Amino acid sequence: MTRFSLAVAWIGLSCLFTACDAPRAEAPAPGPEVVWSPLGAWSGRGSTQTESFTSGSGSMRIEWTTAKGTRVDGGAFRLTIHSAISGRPLMEAVEQRGVGTGTAFVHEDPRVFYAVVDSADLEWSFTLQEAVLVERKRR
(Lines give C-alpha, C1' and ligand atoms only; values in the text may rest on other atoms or scores of the structure.)
Protein backbone atom coordinates (compact mmCIF):
# COMPACT_ATOMS: atom_id res chain seq x y z
CA MET A 1 0.00 0.00 0.00
CA THR A 2 1.22 3.45 -0.83
CA ARG A 3 1.22 6.42 1.49
CA PHE A 4 -1.62 7.93 -0.47
CA SER A 5 -3.72 4.74 -0.05
CA LEU A 6 -2.98 4.64 3.68
CA ALA A 7 -3.97 8.30 4.06
CA VAL A 8 -7.25 7.74 2.17
CA ALA A 9 -8.00 4.63 4.28
CA TRP A 10 -7.24 6.55 7.50
CA ILE A 11 -9.50 9.45 6.50
CA GLY A 12 -12.26 7.04 5.51
CA LEU A 13 -12.09 5.20 8.84
CA SER A 14 -12.05 8.48 10.76
CA CYS A 15 -15.17 9.65 8.95
CA LEU A 16 -16.88 6.32 9.58
CA PHE A 17 -16.17 6.40 13.34
CA THR A 18 -17.28 10.00 13.78
CA ALA A 19 -20.45 9.39 11.77
CA CYS A 20 -21.32 6.47 14.07
CA ASP A 21 -20.85 8.53 17.22
CA ALA A 22 -23.82 8.46 19.65
CA PRO A 23 -26.38 11.17 18.99
CA ARG A 24 -26.10 14.17 21.26
CA ALA A 25 -28.81 14.66 23.85
CA GLU A 26 -31.16 17.46 22.97
CA ALA A 27 -32.36 20.02 25.48
CA PRO A 28 -35.64 18.98 27.12
CA ALA A 29 -38.71 20.05 25.21
CA PRO A 30 -40.58 23.01 26.64
CA GLY A 31 -43.39 22.06 28.96
CA PRO A 32 -44.46 22.09 32.59
CA GLU A 33 -41.89 21.43 35.32
CA VAL A 34 -42.47 20.95 39.07
CA VAL A 35 -40.83 23.53 41.34
CA TRP A 36 -41.06 23.36 45.16
CA SER A 37 -42.20 26.67 46.66
CA PRO A 38 -41.78 27.22 50.44
CA LEU A 39 -44.92 27.48 52.59
CA GLY A 40 -43.29 27.61 56.01
CA ALA A 41 -40.76 26.25 58.48
CA TRP A 42 -41.27 25.36 62.12
CA SER A 43 -39.17 23.98 64.96
CA GLY A 44 -39.53 23.35 68.66
CA ARG A 45 -39.89 20.85 71.47
CA GLY A 46 -43.22 19.48 72.65
CA SER A 47 -46.57 19.79 70.90
CA THR A 48 -47.85 22.72 68.86
CA GLN A 49 -50.25 23.84 66.15
CA THR A 50 -49.00 25.97 63.23
CA GLU A 51 -50.71 28.97 61.76
CA SER A 52 -52.81 28.38 58.63
CA PHE A 53 -51.19 28.14 55.21
CA THR A 54 -52.73 27.89 51.75
CA SER A 55 -51.75 25.33 49.14
CA GLY A 56 -53.06 26.11 45.67
CA SER A 57 -51.99 22.72 44.33
CA GLY A 58 -52.66 20.49 47.35
CA SER A 59 -49.38 18.65 46.69
CA MET A 60 -46.87 19.29 49.45
CA ARG A 61 -43.50 17.99 50.59
CA ILE A 62 -42.50 17.88 54.27
CA GLU A 63 -38.83 17.56 55.18
CA TRP A 64 -38.50 16.79 58.89
CA THR A 65 -35.87 16.05 61.53
CA THR A 66 -36.02 14.94 65.16
CA ALA A 67 -33.08 15.19 67.56
CA LYS A 68 -31.93 15.08 71.19
CA GLY A 69 -34.27 12.47 72.58
CA THR A 70 -33.65 11.97 76.30
CA ARG A 71 -36.08 9.18 77.19
CA VAL A 72 -35.16 5.51 77.10
CA ASP A 73 -37.77 4.87 74.37
CA GLY A 74 -36.36 7.80 72.33
CA GLY A 75 -39.44 10.04 72.42
CA ALA A 76 -42.15 10.49 69.81
CA PHE A 77 -42.99 12.87 66.97
CA ARG A 78 -46.24 12.88 65.00
CA LEU A 79 -47.19 15.47 62.36
CA THR A 80 -50.78 15.65 61.15
CA ILE A 81 -52.16 17.90 58.40
CA HIS A 82 -55.62 19.39 59.10
CA SER A 83 -58.22 21.29 57.10
CA ALA A 84 -58.26 24.89 58.35
CA ILE A 85 -61.93 25.17 57.33
CA SER A 86 -63.40 22.17 59.18
CA GLY A 87 -60.51 21.47 61.58
CA ARG A 88 -60.63 17.76 60.78
CA PRO A 89 -57.39 15.80 60.42
CA LEU A 90 -56.73 14.97 56.76
CA MET A 91 -53.52 12.96 56.93
CA GLU A 92 -50.95 11.76 59.41
CA ALA A 93 -47.84 12.72 57.46
CA VAL A 94 -45.10 11.62 59.90
CA GLU A 95 -44.91 9.25 62.86
CA GLN A 96 -41.41 8.82 64.28
CA ARG A 97 -40.08 7.17 67.43
CA GLY A 98 -36.74 8.61 68.48
CA VAL A 99 -34.16 10.55 66.50
CA GLY A 100 -34.54 10.55 62.72
CA THR A 101 -35.00 12.48 59.51
CA GLY A 102 -37.12 12.04 56.42
CA THR A 103 -39.38 13.38 53.72
CA ALA A 104 -43.15 12.94 53.51
CA PHE A 105 -45.57 13.88 50.74
CA VAL A 106 -49.16 15.08 51.10
CA HIS A 107 -51.67 15.06 48.24
CA GLU A 108 -54.99 16.72 49.04
CA ASP A 109 -57.44 19.04 47.35
CA PRO A 110 -56.19 22.65 47.26
CA ARG A 111 -57.35 24.53 50.36
CA VAL A 112 -56.21 26.19 53.58
CA PHE A 113 -54.40 23.85 55.99
CA TYR A 114 -52.63 23.84 59.33
CA ALA A 115 -50.30 21.28 60.92
CA VAL A 116 -50.44 19.76 64.38
CA VAL A 117 -47.30 18.39 66.04
CA ASP A 118 -47.69 15.90 68.87
CA SER A 119 -44.25 15.38 70.33
CA ALA A 120 -42.76 14.12 73.56
CA ASP A 121 -39.14 14.42 74.60
CA LEU A 122 -37.67 15.34 71.19
CA GLU A 123 -36.51 18.49 69.47
CA TRP A 124 -38.04 18.67 66.01
CA SER A 125 -38.08 20.82 62.90
CA PHE A 126 -39.85 20.65 59.56
CA THR A 127 -40.24 22.63 56.38
CA LEU A 128 -43.28 22.56 54.18
CA GLN A 129 -43.13 23.16 50.43
CA GLU A 130 -45.81 23.20 47.74
CA ALA A 131 -45.48 21.68 44.27
CA VAL A 132 -46.02 24.36 41.64
CA LEU A 133 -46.05 23.77 37.89
CA VAL A 134 -44.04 26.28 35.87
CA GLU A 135 -43.60 26.40 32.11
CA ARG A 136 -40.12 25.33 31.03
CA LYS A 137 -38.70 27.47 28.22
CA ARG A 138 -36.63 26.32 25.26
CA ARG A 139 -32.97 27.18 25.58
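The values are calculated or read from the model by the stated rules, or taken from the named source; none is laboratory data. Here the structure is a predicted model, which is why all the values come from computation and not from measurement. All Cβ positions, glycine included, derive from the backbone under ideal geometry; neighbour counts span all protein chains shown.
The figures follow:
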| read-out | value |
| --- | --- |
| Any hit, the stretch 23-30, residues being surrounded by 10 or more Cβ atoms within 10 Å (Cβ to Cβ), out of contact with any Phe, Trp or Tyr (no Cβ under 8 Å at 6 or more places or on another chain), under 28 Å from A131 (Cα atoms) and at pLDDT 95 or above | no |
| Top-ranked residue in the stretch 43-65 [being part of a strand (DSSP E or B) and touching a Lys or Arg at 6+ places or on another chain (Cβ under 9 Å); ranked as modelled with the lowest pLDDT] | R45 |
| Residue satisfying condition, being surrounded by 15 or more Cβ atoms within 10 Å (Cβ to Cβ) and at pLDDT below 95, within set L79, L122, L128 | L122 |
| Near pairs, Cβ below 6 angstrom, 6+ apart or cross-chain, from the stretch 85-100 (modelled with pLDDT of 95 or more) to any residue that is part of a loop (DSSP other than H, G, I, E, B) | L90/E108 |
| Residue within the stretch 32-42 that is touching a residue at least 24 places away in the same chain (Cβ under 8 Å) and not in a strand (DSSP E or B) present | no |
| From V106, V112, residue being outside any loop (DSSP other than H, G, I, E, B), β-branched (V, I, T) and crowded, with 16+ Cβ neighbours inside 10 Å | V106 |
